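Report on the following structure.
The values are calculated or read from the model by the stated rules, or taken from the named source; none is laboratory data. Model, not experiment: these values are computed from the prediction. Cβ placement follows ideal geometry from the backbone for every residue including glycine, while neighbour counts extend to all protein chains displayed. Just so you know, the surface numbers come from the protein's heavy atoms only, side chains and all, with ligands and any DNA or RNA stripped out. Shrake-Rupley method; radii C 1.70, N 1.55, O 1.52, S 1.80 Å.
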Amino acid sequence: QVHLVESGGGSVQAGGSLSLSCAASGTFFSVHAMGWYRQVPGKQRELVATITTSGSTFYADSVEGRFTISRDNAKNAVYLQMNGLKPEDTAVYYCAARVAVATSTTIRGDDYWGQGTQVTVSS
């Protein structure tokens, strides 16, 4: 069983900063790509940023230059530093990870999600 536990988030005024953390726990071989997604009620979940085990990053155009994703491989953790927040960044933010787990016949990569954390930016 693999769990992604998120922390951080909250409420801030426009222009402010928040940080999110997420750590994987449970029984697994390794954590591969990790990332953050966000969802607004009534809309599809959208990619915010991803990071590989080697540190290569990708950002959505809407957050490029304002958000920074990082990870600590020893802690199986991923972080999102959000600066210059805008009201349109308001959403539930989800941590995601592709984790190598063992089955009775093979080792495979499964995708796991955190429980989500609310980020609210007021104007």
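Just checking, how many residues over the stretch 44-64 are over 16 Å from the mean Cα position of the chain (by Cα) and aromatic (Phe, Trp, Tyr)?
0
Out of everything in the stretch 1-43 that is of a type in the set (Gly, Ala, Ser), under 12 Å from the mean Cα position of the chain (by Cα) and over 30 Å from residue 106 (Cα atoms), what residue ends up being surrounded by the fewest Cβ atoms within 10 Å (Cβ to Cβ)? Talk me through it step by step, then tell me what you get.
From the stretch 1-43, those of a type in the set (Gly, Ala, Ser) are 7-11, 14-17, 19, 21, 23-26, 30, 33, 35, 42; that's our starting set.
In the following step, the residues that additionally are under 12 Å from the mean Cα position of the chain (by Cα) were identified as 7-9, 19, 21, 23-24, 33, 35.
Next cut, over 30 Å from residue 106 (Cα atoms) only: 7-9, 19, 21.
Numbers: 7: 12, 8: 16, 9: 20, 19: 14, 21: 18.
Result: 7.
Any residue in the stretch 56-73 that's within 14 Å of residue 97 (Cα to Cα) and part of a strand (DSSP E or B): show its pairings with residues that are open to solvent by 60 Å² or more (accessible area, probe 1.4 Å) and not acidic (Asp, Glu) at Cβ separation under 6 Å, as long as the two are six or more apart or on different chains.
Once the first residue is within 14 Å of residue 97 (Cα to Cα) and part of a strand (DSSP E or B) and sits in the stretch 56-73, its partners that are open to solvent by 60 Å² or more (accessible area, probe 1.4 Å) and not acidic (Asp, Glu) give 69/57; 70/79.
Which of the residues spanning the stretch 73-99 are farther than 13 Å from residue 2 by Cβ, of a type in the set (A, V, I, L, M) and open to solvent by less than 10 Å² (accessible area, probe 1.4 Å)? First the steps, then the outcome.
At the first step, the residues of the stretch 73-99 found to be farther than 13 Å from residue 2 by Cβ are 73-75, 77-94.
Restricting the remaining residues to those that are of a type in the set (A, V, I, L, M) gives 74, 77-78, 80, 82, 85, 91-92.
Hits for the stretch 73-99 are 77, 78, 80, 82, 85, 91.
Cβ-Cβ distance below 6 Å, separation of 6 or more or different chains: which pairs start in the stretch 95-123 with a residue that is over 20 Å from residue 68 (Cα atoms) and end on one that is loosely packed, with under 15 Cβ neighbours inside 10 Å and among the polar types (S, T, N, Q)?
Taking only residues 6 or more apart or on different chains, the pairs are 100/30; 122/13.
Considering only the stretch 100-123, state which residues are outside any strand (DSSP E or B) and surrounded by 16 or more Cβ atoms within 10 Å (Cβ to Cβ). Before the answer, list the steps.
Let us first name the residues in the stretch 100-123 that are outside any strand (DSSP E or B), namely 103-106, 114-116, 123.
Once the filter is applied, which keeps residues that are outside any strand (DSSP E or B) and surrounded by 16 or more Cβ atoms within 10 Å (Cβ to Cβ), the stretch 100-123 yields 114, 116.
Every residue in the stretch 74-85 that is in a loop (DSSP other than H, G, I, E, B) and either in contact with a helix residue (DSSP H, G or I) (Cβ under 8 Å, 6 or more places away or on another chain) or not aliphatic (A, V, I, L, M) (or both), please. Spell out how you get there, then give the answer.
Residues of the stretch 74-85 in a loop (DSSP other than H, G, I, E, B): 76, 83-85.
Result: 76, 83, 84.
Could you list all residues from the stretch 86-99 that are assigned to a loop (DSSP other than H, G, I, E, B) and under 16 Å from residue 53 (Cα atoms)? Please lay out each step first, then the result.
Step one: of the stretch 86-99, the residues assigned to a loop (DSSP other than H, G, I, E, B) are 86, 90.
The answer is none; no residue qualifies.
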